[in-house]
Each structure stands twice: as structure tokens, then as C-alpha cells.
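The values are calculated or read from the model by the stated rules, or taken from the named source; none is laboratory data. Bear in mind that the values here come from a model prediction, so they are computed numbers and not experimental data. Cβ coordinates were reconstructed from backbone atoms using ideal geometry, including for glycine residues, and neighbour counts include every protein chain displayed.
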Amino acid sequence: MTDFPAATPRSRVRVPLRFHDGYSVDAELVTFHGLTDGQEHVAVVLGQPAPGATPLVRLHSECLTGDVFGSARCDCGPQLREAVERIADRGGVLLYLRQEGRGIGLYNKLDAYALQDQGLDTYEANAALGLPEDARDYTAAAQMLQSLGISELDLLSNNPDKADQLRSLGISVRDRVPTGVFTTPHNVRYLRAKVLQTHHTLPLGQLTELSAG
């Protein structure tokens, strides 16, 4: 377990959320004092877990292109939409983390996109720019969870590194729950690279067929 300073809630506000497909739900947005990286991360509290039940949690890294503009080059927008509904139904929290482009920032991510257009995969493009494959650190996420009183959770994620980092930070991840698979003709190579390079739990056979088709 890694020691880190405690964070405290800064504000709580109720916000009605509405998505492009008409789905709507009320959420509580929580901001924090004392996050180690100084970023403006937000906890989106949804639903209410049944007494004694383990909350469902997603760590969702900010993706302007996918979350806001609906880019088909990734699966971030559909994952965000799915996560909100699944967490609201069961009760839990979505942590919206300001870690654009797996932590390299928006401009660098778009530079990496340009290299992907020349044939590199998402991880090779980062390396060609002299950047890490994944620069994300989840210490602030652990601080947020502890501040909310969450020490045990089920993690909605295909990414084993998220669960490993949370466990190393003292958060008990009881189960890792896969997200849906959201493929487009533009993101199949991206998703396949996630499976091959960072062992995401996605159906490799299906993605290989789609990328070859």
C-alpha cells in the first residue's frame, strides 16, 4: 500500500444529466481539495447501492474527441454513456479524470493520431513522439474514493492496469467488470492494439476479423 495525503470534498452539486439518445439521470458531482496531481477531477455519484452491496466504479479518463465530439476513432464516448447507466442502475461512482490521451494531453494525442494515419498503432505513435504508452497515475482516484468512503468496489473496466494500481494504493477491487465492446470501422485497430499491448479484456478474435474485413 502506498501512503498519500487525504483529499476532502470541496463541493457537492446535483446535476441532471441528459445524453444524445434521450437517456437521463440525476447525478451528484463532487469536487475535491488536496488531490496530489492538482487536476480538477470530478466524481459523478449515481444511484444508491443496496445495503451491504459493493458499489460499481469506473475510472473514466477524459477524452474530448470521443466524449464531446463523438469521434469514432476510439470507444470512449460509448463507454462513458454505458457506464453512467450501469452505475446508476446499481449504485456507485464514475470518476471523470482529467487525463486526456492516456495522460499525454490533447495536443500530443492529436499528434499521435497523425502518426496513426501513417500506419502506427496507438502505442507505437506515442513511442515515436518520445512519450509513454500510458502516463496515467491513479493516486488521485484513490484519494477521491477514500474521501467518498469507498474502500471496496467492483471496477467497470477492460484495463487490468487500473485494477492493479488501485490495489497497490490500498483500494480493494473485488471484481473487474468488462465494459461493452463498441467497434467502428475507425477504431478496430485501436482496440486490437489495446488487447495485444496492454492486455485489455476484449474479444481479440472478433476484432481481428473486423480489422481484416
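So the values come out like this:
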read-out	value
Boolean, residue 112 is without any contact (Cβ under 8 Å) to a residue 24 or more places away in the chain, touching a Gly at 6+ places or on another chain (Cβ under 9 Å), surrounded by 22 or more Cβ atoms within 10 Å (Cβ to Cβ) and aliphatic (A, V, I, L, M)	yes
Any chance residue 67 is in a helix (DSSP H, G or I) and in contact (Cβ under 8 Å) with a residue 24 or more places away in the chain	no
Some residue of the stretch 123-130 being in contact (Cβ under 8 Å) with a residue 12 or more places away in the chain, buried (at least 16 other Cβ atoms within 10 Å of the Cβ) and within 30 Å of residue 10 (Cβ to Cβ)	no
Options 105, 52, 91; residue that is modelled with pLDDT of 95 or more and either touching a Gly at 6+ places or on another chain (Cβ under 7 Å) or in the same structural domain as residue 146 (by TED's automatic domain parsing) (or both)	91
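For every residue, the table says whether it meets (1) buried (at least 20 other Cβ atoms within 10 Å of the Cβ); (2) farther than 20 Å from residue 71 by Cβ; (3) outside the structural domain of residue 83 (by TED's automatic domain parsing); (4) at pLDDT 95 or above.
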{"position": "140", "(1), (2), (3), (4)": "yes, yes, no, yes"}
{"position": "145", "(1), (2), (3), (4)": "yes, yes, no, yes"}
{"position": "149", "(1), (2), (3), (4)": "no, yes, no, yes"}
{"position": "161", "(1), (2), (3), (4)": "no, yes, no, no"}
{"position": "197", "(1), (2), (3), (4)": "no, yes, yes, no"}
{"position": "203", "(1), (2), (3), (4)": "no, yes, yes, no"}
